[in-house]
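Accompanying notes for the structure given below.
The values are calculated or read from the model by the stated rules, or taken from the named source; none is laboratory data. On a predicted model such as this, the values are computed, not experimentally measured, just so you know. Reconstructed Cβ throughout: ideal geometry from the backbone, glycine too, with neighbour counts over all protein chains shown. To get the accessible areas, we keep the full protein, side chains included, count just its heavy atoms, and leave off ligands, DNA and RNA. Shrake-Rupley method; radii C 1.70, N 1.55, O 1.52, S 1.80 Å.
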Amino acid sequence: EDAERINSADVAVVEERRRLLEEWLAWRAAMEEELAEEREILGLPSDPVAELLNAKTAQLAPDGEEKIIE
Amino acid sequence: MRPILLAGHERALTQIKYNPDGDLIFSTAKDQQICVWFAHNGERLGTYHGHQGAIWTVDVDPTSTIIASGSADNTIRLWDIKTGKCLKTWDFPTAVKRVEFNEDGTKLLGVTEKRMGHLGTIVVLDIKVDVEAEQSDEKALTIVCDESKATVAGWSYCSKYIIAGHEDGSVSQYDAKTGDLLMNFPIHELNMAITDLQWSQDRTYFITASKDKTAKLITAKDLEVLKTYVSDTSLNSATITPKKDFVILGGGQAAMDVTRTSARQGKFEARFYHKIFEDEIGRVRGHFGPLNTVAADPTGKGYASGGEDGYVRVHQFDKGYFDFMYEVERERQNRLAAQQQQQQQQITA
């Protein structure tokens with residue numbers, strides 16, 4: 001009987017975590033979609049930091065590709 | 001987790017910041033110098049000299065070209081990371097407690113201290129991320145905090161909102177273009193100051209740390225509290241780890257605030273919580289005083305903490321950290337892997 005009670009308590013904890021995980025993932029998916037739309041409307045890059053780093057790399061080594069071939 | 005001890009500061013640490021690549025760590029302390037370190041080996045790359053008072057805050061632009069700092073000498077300064085040269089100084093009537101660049105580095109906010117005759121403010125400066133450029137003297141915007149002074153502030157996604165944490169425990173959302181106050185909610189316990197505010201990578205949500213012994217995960221759009229992390233000590237800092245769904249909290253009471261040695265033990269630890277389930281999952285010891293600042297490596301490889309003891313401790317996560325998963329997380333991962341396998345089989349068939 002004790003084992004059963006502990007077991008059902010464990011099940012309840014796991015069920016609750018499953019719910020929390022689903023809830024979190026659903027919120028992230030909705031927020032990410034909304035953010036992507038908003039960035040597109042504003043004409044902003046999807047990843048601002050990556051965009052800036054690429055621009056800086058290109059500026060520092062405009063002939064970077066040729067160097068790699070060598 | 002093997003830590004690297006960064007010894008170089010002579011006084012209490014105030015803020016630690018990684019650059020976006022996670023290879024450099026910037027640190028400020030009450031000793032009037034900013035340090036920059038290599039994250040992988042803890043070697044000190046250089047220092048930035050010029051401030052005439054304790055330095056409260058530092059931030060690095062997204063391209064790791066310049067840093068900004070705020071100090072008790074009532075200035076914000078801009079520095080060339082490579083040469084260590086001070087590029088610009090802005091003067092204010094009071095100390096500057098927090099600076100932060102927006103997502104593209106074109107704007108910098110500064111939180112100024114409240115003092116007799118001066119209300120606390122949040123100022124916005126236009127920045128040119130170019131070490132040769134002439135920086136503007138003019139403030140682009142000034143937000144006056146007449147209710148309760150701001151202690152921390154930052155820029156949301158798309159530089160749409162400025163979010164501030166206040167001395168009275170409330171959180172505000174301002175329109176970043178006009179400076180209009182859009183919302184203010186009593187998020188933490190009344191008159192328990194908010195001590196830190198750090199962003200998720202996409203800046204859609206953030207974590208606050210408070211003297212009320214809790215940290216909270218809050219949405220930038222609605223200031224909705226998503227999660228609460230309850231600890232047993234006053235908190236000075238909180239950070240969100242990328243890659244894994246954890247948050248790290250730092251705090252602790254100063255020795256003079258506690259009477260018994262036993263009460264002090266176990267208080268100077270970085271605490272790990274599961275971001276989604278809110279459970280405490282581990283602690284990391286090391287500092288000999290309260291943790292004033294914690295920062296997560298943006299690449300997810302580790303974290304750093306700065307203490308009242310004057311040390312920075314850098315930790316690289318080991319395999320156990322990355323492998324750690326709750327049953328329901330593993331369940332989901334297995335389900336996704338199975339789905340992927342099925343799809344691949346369908347393609348090959």
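Numbers at a glance
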| quantity | calculated |
| --- | --- |
| Selected residue [farther than 16 Å from B:LEU108 by Cβ and within 14 Å of chain A (Cβ to nearest Cβ)] from B:ASP59, B:ASP31, B:ASP73, B:ASP23 | B:ASP23 |
| Some residue of the stretch B:41-59 being out of contact with any Lys or Arg (no Cβ under 9 Å at 6 or more places or on another chain) and crowded, with 23+ Cβ neighbours inside 10 Å | no |
| Count - residues of the stretch B:268-291 that are open to solvent by less than 30 Å² (accessible area, probe 1.4 Å) and of a type outside the set (Phe, Trp, Tyr) | 13 |
| Test: B:ILE218 is open to solvent by less than 10 Å² (accessible area, probe 1.4 Å), closer than 30 Å to B:ASP126 by Cβ and more than 14 Å from every other protein chain (Cβ to nearest Cβ) | no |
| Strands (runs of 3 or more DSSP E) contained entirely in the stretch B:154-213, each with at least 3 residues that are touching a Cys at 6+ places or on another chain (Cβ under 9 Å) and either away from chain A (no Cβ under 14 Å) or surrounded by fewer than 19 Cβ atoms within 10 Å (Cβ to Cβ) (or both) | none |
| Unique residue being acidic (Asp, Glu), closer than 25 Å to A:GLU32 by Cα and touching a strand residue (DSSP E or B) at 6+ places or on another chain (Cβ under 8 Å) when the list is B:ASP180, B:ASP196 | B:ASP196 |
| Sole exception among (1) within 21 Å of B:SER200 (Cα to Cα); (2) open to solvent by 10 Å² or more (accessible area, probe 1.4 Å); (3) within 14 Å of chain A (Cβ to nearest Cβ) for B:ARG330, by number | (1) |
| Search result, residues across the stretch A:51-70 that are more than 9 Å from chain B (Cβ to nearest Cβ), surrounded by 10 or more Cβ atoms within 10 Å (Cβ to Cβ) and at pLDDT 75 or above | A:ASN54, A:THR57, A:ALA58 |
| Positions within the stretch B:76-88 being part of a strand (DSSP E or B) and within 14 Å of another protein chain (Cβ to nearest Cβ), in sequence order | none |
| Within the stretch B:91-106, considering residues that are of a type in the set (D, E, K, R) and more than 20 Å from B:PRO298 (Cβ to Cβ), the one surrounded by the most Cβ atoms within 10 Å (Cβ to Cβ) | B:LYS97 |
| Residue match in the stretch B:97-104 (condition: under 19 Å from B:SER148 (Cβ atoms) and in contact (Cβ under 8 Å) with a residue 40 or more places away in the chain) | yes |
| Pair list, Cβ < 8 Å and 6+ apart or interchain, from the stretch B:297-318 residues that are at pLDDT below 95 and of a type in the set (Val, Ile, Thr) to residues that are open to solvent by 10 Å² or more (accessible area, probe 1.4 Å) and in a strand (DSSP E or B) | none |
| The stretch A:13-26: number of residues that are within 10 Å of another protein chain (Cβ to nearest Cβ) and either open to solvent by 60 Å² or more (accessible area, probe 1.4 Å) or among the small types (Gly, Ala, Ser) (or both) | 8 |
